[in-house]
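Participant: One structure, pasted below without further comment.
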Amino acid sequence: MTASLAAPAKPGGAKTRINDFSIQVATVNGSGSQTANTVLLRAIFQMGVLVSGKNLFPSNIAGLPTWFTIRASAEGYVARKASNEMLILMNPETAKEDIAKADAGALVIYDEPLQLDKLRNDLSFIPVPFQKLVTASCPEPKLHKLVKNMIYVGVASRLLGVDMEEAKKAIAKQLKGKAKAIELNQNAAMAAYDWAMENLPDQDQVKVVRDNKTQGLIIVDGNEACALGALFAGVTVVGWYPITPASSLVETFIEYAEEYRKDPKTGKSTVAIVQMEDELASAGVVLSAGWAGARSMTSTAGPGISLMSEFIGLGYYVEAPGVFFNVGRTGPSTGLPTRTQQSDVELCAKCSHGDTQHINLYPGTMEECFQFSYDAFDLAERFQTPIFVVTDLDLGMQNWSSKPFAYPAKPYDRGKVLNQQQLAEAKDWGRYKDVDGDGICYRSLPGTPGGKGSYFTRGSGHNEYAQYSEKPEDYVAVVDRLKRKYETAKTHVPTPVFRTLGSAKGVLAFGSSDPAMIEAQDALAAAGLKTDYLRLRALPFTAEVDAFVKGKQVIYVVEQNRDGQMANLFRETYPEYATKFKSVLHYDGHAIDAKCIVDQITAFEQK
Amino acid sequence: MTTATPSAPTPSAPTNNLGFSKQDYVGSKSTLCAGCGHDSITAQIINAAFESSIEGYRVAKYSGIGCSSKTPAYFLNQGWGFNSVHGRMPSIATGASLANRNLINIGVSGDGDSMSIGMGQFVHAVRRNIPMIYIIEDNGVYGLTKGQFSATADKGAHLKSGAVNDFPPIDPCTLALELGCGFVARCFSGNPKQLNTILKAAFAYEGTVVLDIISPCVTFNNHDASTRSYKHVKDHDFPLHDLGFVQYSEVEDVEIPAGQTEVVTFPDGSKVAIKAIHEGYDPTDRFGAMKAIHESMAKGEFLTGLLYINPTQPPLPQVLNLVDEPLASLGEDVLKPSPAVLDEIMQSLM
Ligand SMILES: Cc1ncc(C[n+]2csc(CCOP(=O)(O)OP(=O)(O)O)c2C)c(N)n1
Ligand code: SF4
Ligand SMILES: [Mg+2]
């Protein structure tokens, strides 16, 4: 069996790739290329073509190389594609290496003085006099550096057939409110476009043709989607500590809170946001605010979760609610802090010492980033426990097109909280008494008047009345009930999403692996291997997951880490089926692509 | 707002302004060693809360881990307690006090809990001026783990085992002053009168109160060679002043007897009257306080009393400009933006 995926067009041969290509832009970090890249992406998007953008950036403020890839796909595939049909080389440091790695036949736009055209003879070289064009279009030398990147927007638009009106619109959107900058950038892009019209031959390898696939869609990143979910969920206390790739989640939230979380009459804030001294303190703020009745959250990455882990065990055992966003990056330690991975699966599933199990949500789309973030606050209060929303750099910081988010009409679930009157009427209330048999007890909030309901929260052994106890039976009763509570969660967390082609062979992925998995599933099917795909969306595993595991002969578990952490959770949860799970792994820090999935599954199948 | 029903009044038991007797301010039975200084502090918290007519249901008690951190279970059962993890009491107080700005926050910690593992959180809580009384029950050792030195132990101090401390102590009071704390005091658990007055003043204060209370550990650090034994502290305790505290009450205007008394008025109208013993000590002079503490430390004295006071320093909820209503009581009607808002945001992303 062979499956082929998106090999680049060979020169002189294959037909034109319409709305189906990848462009890679190589620049220097901090050179302002991000604006130009987003403009190009948006312009294509405005042409009605589905695009996704991925920024491969270094852990550095300025000076190190960075690459931005724009993928357009008529089929709607938005995963990273391993091959590129067009290269835009702006970084002298990496240009030679970029050329060496280029896929045969690729179009290479580059700054003329770099003289790259002698390096290979199987690429189409397009030298562009960047400096000359900037000087001609921009009267102020000080600003040349700022608008230089707009030159490639103009040239690429010409070559791809992107309407310059769309590029101009995109510039205006990107630089919203800065009239002078808009004008300068539009002029530079237009000058480059005109120059390319006159001086460059057209090409027919890759083209953008107007389509209607993006009508009504938005472009957003996952951190913003999560921030919006938290905004609509009414978060009231945020304790956080900066870390890539999680910072922009809270930072975006802060911007929205400025606008939408002020009391209209007094201008006072309905949310407290504190940048804490570290992640330990952030976790303390989240859990104690939740304990006191606020909706609380933090946003961090693996190193932060590691620091929080003592507190998270406390939160689990004393049953304090709180939402913990983990935007994953490449670990361990500092690892590759600006690259993506799904390597905190086991950490978040069982975070802390002792016997701990946590509810985890794995959004796989922008809409889910929004909705699950909203739901996480309900789950935290319903289950009185830390909830993890697990995303990663790829979801969190990259640009994705998405349907606009549906308004979360479902009213908040504030969980089992007894108010003054209910406490007064309650007979023999105990903070840790399982009255309903679902493992979830009734709590009271500090500050409730009336003289009833006060209790002492402690991380040490306690009985149903929250009294100190070292009795074996009291301890066991509590931890067994916590397990019962986790069982109850199975009917409250998001169920998996299926994409089935009718097969005894299963594939399983979650989170940011979804787009590559979909593309790989199609490619495998085209090559004769049908699979049923289960996209996991939460821990604990629900009944649908049980049935899938039981029913399949083999399950390829696709994930972005070295050790097959999700597969391990499955083997542990379903020991009788342990041999069914085969790991398909990708962990070099780049977002997973379809080809690597296809190749690994194909290799397994050929064994 | 309704309050708890006071316990059935016995003819002999006096009641406070709220109609509660002292019994309404107690907690569970202490499990600390007999004679532990920490228990004396608990007793004064109960007395001060009773005498200041504190509404028990509004009290939130926080602690880390240690013998000292167990004590919030031993007072004010009417309030809610949160015994957290070692060294992290300040962040617990931060989150809860933001969630509900009506809470009266009392944090109890140890010298190990606050000056070693929890130093970072102590420092930042003080800096942020969390509205709380931050009590350090300071015995110079780790009681609960059986007597290792803590970071407040004096250089050269001996343990019962004979071990000698080679490192200089960290002083919570000068540190708090350095961090801009607006209410810094040192007390001795063996001087109930002074402690009681300072606690009452602390209840009236709005921001962070740092109380370093020397509290001998009778089991591990009360031998003659210890600088934190009852005997040593008694011999070296130099009270700065005679203190009086008058709580604001709306009915009668507060009167302070004239004389050589300095009066500090709190935003709520309460007043602390300070009659200096230590000549020339001005508790509103931060640098003077620093100097006096350092000089007395050099002489091996414990200067006790209200070391520094700045009655007007905005606490964190005010700095963050939070709405007056507790955040925890805000409902969906206030918190959830409308569909029109979502629509507006979605439009901006198109
Ligand atoms: C993370 C962690 N490390 C160590 C301990 C063990 N431990 C418990 S209490 C304590 C020291 C307490 O000393 P202090 O705060 O001075 O309280 P004291 O008992 O003297 O009142 C230590 C080290 C712990 N509970 N947690
Ligand atoms: S060990 Fe020391 S600090 Fe702990 S209870 Fe006993 S006397 Fe108090
Ligand atoms: Mg101690």
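Participant: If we only count helices (runs of 4 or more DSSP H) wholly inside the stretch A:179-296, which ones have 1 or more residues that are at pLDDT 95 or above and within 14 Å of chain B (Cβ to nearest Cβ)? Spell out the reasoning first.
Facilitator: On the way: elements: A:179-199, A:222-232, A:247-260, A:279-291.
Answer list for the stretch A:179-296: A:222-232, A:247-260, A:279-291.
Participant: Restricting to the stretch A:451-463, count the residues that are without any contact (Cβ under 8 Å) to a residue 40 or more places away in the chain, in a loop (DSSP other than H, G, I, E, B) and crowded, with 18+ Cβ neighbours inside 10 Å.
Facilitator: So the count comes out to 6.
Participant: Provide a single number: the residues in the stretch B:116-136 that are part of a loop (DSSP other than H, G, I, E, B) and within 15 Å of ligand 1 (Cβ to nearest atom). Working first, answer last.
Facilitator: We begin by selecting, within the stretch B:116-136, every residue part of a loop (DSSP other than H, G, I, E, B); these are B:118, B:129-132.
If we keep only those that are within 15 Å of ligand 1 (Cβ to nearest atom) as well, we get B:118.
Total satisfying the criteria: 1.
Participant: Yes or no: B:Pro169 surrounded by fewer than 24 Cβ atoms within 10 Å (Cβ to Cβ), over 13 Å from B:Gly66 (Cα atoms) and out of contact with any strand residue (DSSP E or B) (no Cβ under 9 Å at 6 or more places or on another chain)?
Facilitator: Judged against the criteria, B:Pro169 is a match.
Participant: I would also like to ask the following. Against the conditions (1) free of Cβ contacts under 8 Å to residues at least 24 places away in the same chain; (2) touching a strand residue (DSSP E or B) at 6+ places or on another chain (Cβ under 7 Å), where does A:Pro446 fall short? Just the number, please.
Facilitator: (1)
Participant: Criterion first (more than 14 Å from chain A (Cβ to nearest Cβ) and more than 16 Å from ligand 1 (Cβ to nearest atom)) does B:Ser53 satisfy it?
Facilitator: So B:Ser53 fits the description; yes.
Participant: Out of the residues in the stretch B:97-129 meeting the condition of being without any contact (Cβ under 8 Å) to a residue 60 or more places away in the chain, open to solvent by 20 Å² or more (accessible area, probe 1.4 Å) and more than 8 Å from every other protein chain (Cβ to nearest Cβ), tell me which one is nearest to ligand 3 (Cβ to nearest atom).
Facilitator: B:Ser116
Participant: Now a separate question. Output the number of the condition that A:Glu93 fails; it satisfies all remaining conditions of (1) under 13 Å from A:Thr27 (Cβ atoms); (2) among the acidic types (Asp, Glu); (3) within 23 Å of the chain's Cα centre (by Cα).
Facilitator: So A:Glu93 meets the others, but not (3).
Participant: Consider the stretch A:476-527. How many of its residues are part of a helix (DSSP H, G or I) and of a type in the set (Phe, Trp, Tyr)?
Facilitator: Step one: filter the stretch A:476-527 for residues part of a helix (DSSP H, G or I), giving A:476-489, A:511-526.
Restricting the remaining residues to those that are of a type in the set (Phe, Trp, Tyr) gives A:486.
The number of residues fulfilling the criteria is 1.
Participant: Condition check: more than 22 Å from A:Gly451 (Cα to Cα), within 16 Å of ligand 1 (Cβ to nearest atom) and in contact with a Pro (Cβ under 7 Å, 6 or more places away or on another chain). Does B:Ser84 satisfy that?
Facilitator: No, not satisfied.
Participant: Then there is this: So, in the stretch A:440-450, how many residues would count as being crowded, with 20+ Cβ neighbours inside 10 Å and over 37 Å from the mean Cα position of the chain (by Cα)?
Facilitator: Of the residues in that region, 2 qualify.
Participant: If you don't mind, there's one more thing I want to ask. Filter the stretch B:177-224 for residues that are among the aliphatic types (A, V, I, L, M), within 12 Å of the chain's Cα centre (by Cα) and more than 16 Å from ligand 2 (Cβ to nearest atom) and give the result. Spell out how you get there, then give the answer.
Facilitator: Keep residues of the stretch B:177-224 that are among the aliphatic types (A, V, I, L, M), which gives B:177, B:179, B:184-185, B:195, B:198-199, B:201-202, B:204, B:209-211, B:213-214, B:218.
Still in the running and within 12 Å of the chain's Cα centre (by Cα): B:184-185, B:195, B:198-199, B:201-202, B:204, B:209-211, B:213.
Residues satisfying the conditions are B:Val184, B:Ala185, B:Leu195, B:Ile198, B:Leu199, B:Ala201, B:Ala202, B:Ala204, B:Val209, B:Val210, B:Leu211.
Participant: Within the stretch B:97-123, how many residues are farther than 27 Å from A:Lys452 by Cα, hydrophobic (A, V, I, L, M, F, W, C) and more than 16 Å from ligand 2 (Cβ to nearest atom)?
Facilitator: Just the residues of the stretch B:97-123 that are farther than 27 Å from A:Lys452 by Cα, to begin with: B:110-123.
This time we only want the ones that are hydrophobic (A, V, I, L, M, F, W, C), so: B:115, B:117, B:119, B:122-123.
Going one step further and asking which of them are more than 16 Å from ligand 2 (Cβ to nearest atom), we end up with B:117, B:119, B:122-123.
Here the count works out to 4.
Each row is one residue, and each column tells you yes or no for (1) touching a strand residue (DSSP E or B) at 6+ places or on another chain (Cβ under 8 Å); (2) assigned by TED's automatic domain parsing to the domain that holds A:Ser31; (3) in a helix (DSSP H, G or I); (4) hydrophobic (A, V, I, L, M, F, W, C).
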position	(1), (2), (3), (4)
A:Asp122	no, yes, no, no
A:Ile126	yes, yes, no, yes
A:Lys132	no, yes, yes, no
A:Ala136	no, yes, yes, yes
A:Pro139	no, yes, no, no
A:Asn149	yes, yes, yes, no
A:Tyr152	yes, yes, yes, no
A:Val155	yes, yes, yes, yes
A:Lys168	no, yes, yes, no
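Participant: At least 1 residues that are farther than 26 Å from A:Gly315 by Cβ in each: list the helices (runs of 4 or more DSSP H) lying fully within the stretch B:3-115 that qualify. Show your work before the answer.
Facilitator: Numbers: elements: B:37-51, B:67-70, B:89-99.
Those helices (runs of 4 or more DSSP H) span B:37-51.
Participant: Next question. Of all residues in the stretch B:62-96, which are more than 8 Å from chain A (Cβ to nearest Cβ), within 17 Å of B:Leu211 (Cβ to Cβ) and away from ligand 2 (no atom under 16 Å from the Cβ)?
Facilitator: Scanning the stretch B:62-96 gives B:Leu76, B:Met89.
Participant: Can you pull out the residues in the stretch B:137-152 that are open to solvent by 50 Å² or more (accessible area, probe 1.4 Å), near ligand 1 (Cβ under 6 Å from one of its atoms) and either free of Cβ contacts under 8 Å to residues at least 12 places away in the same chain or more than 14 Å from chain A (Cβ to nearest Cβ) (or both)?
Facilitator: B:Tyr142, B:Thr145
Participant: Can you find a residue in the stretch A:384-405 that is open to solvent by less than 10 Å² (accessible area, probe 1.4 Å), more than 10 Å from chain B (Cβ to nearest Cβ), aromatic (Phe, Trp, Tyr) and within 27 Å of A:Ser299 (Cβ to Cβ)?
Facilitator: yes
Here is a yes/no grid of residues against (1) more than 36 Å from the chain's Cα centre (by Cα); (2) closer than 24 Å to A:Arg295 by Cβ:
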{"site": "A:Gly415", "(1), (2)": "no, yes"}
{"site": "A:Ala424", "(1), (2)": "yes, no"}
{"site": "A:Arg431", "(1), (2)": "yes, yes"}
{"site": "A:Asp438", "(1), (2)": "no, yes"}
{"site": "A:Gly459", "(1), (2)": "no, yes"}
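Participant: Consider the stretch A:340-365. How many of its residues are outside any strand (DSSP E or B) and open to solvent by less than 50 Å² (accessible area, probe 1.4 Å)?
Facilitator: Step one: of the stretch A:340-365, the residues outside any strand (DSSP E or B) are A:340-358, A:362-365.
Next, only the ones that are open to solvent by less than 50 Å² (accessible area, probe 1.4 Å) stay: A:340-345, A:348-349, A:351-352, A:356, A:358, A:362-365.
So the count comes out to 16.
The values are calculated or read from the model by the stated rules, or taken from the named source; none is laboratory data. Since we're looking at a predicted model, the values are computed, not measured. Methodologically, a virtual Cβ is constructed for each residue, glycine included, from the backbone with ideal geometry; neighbour enumeration extends over all protein chains shown. Heavy atoms of the whole protein, side chains included, go into the accessibility calculation; ligands, DNA and RNA do not. Shrake-Rupley method; radii C 1.70, N 1.55, O 1.52, S 1.80 Å.
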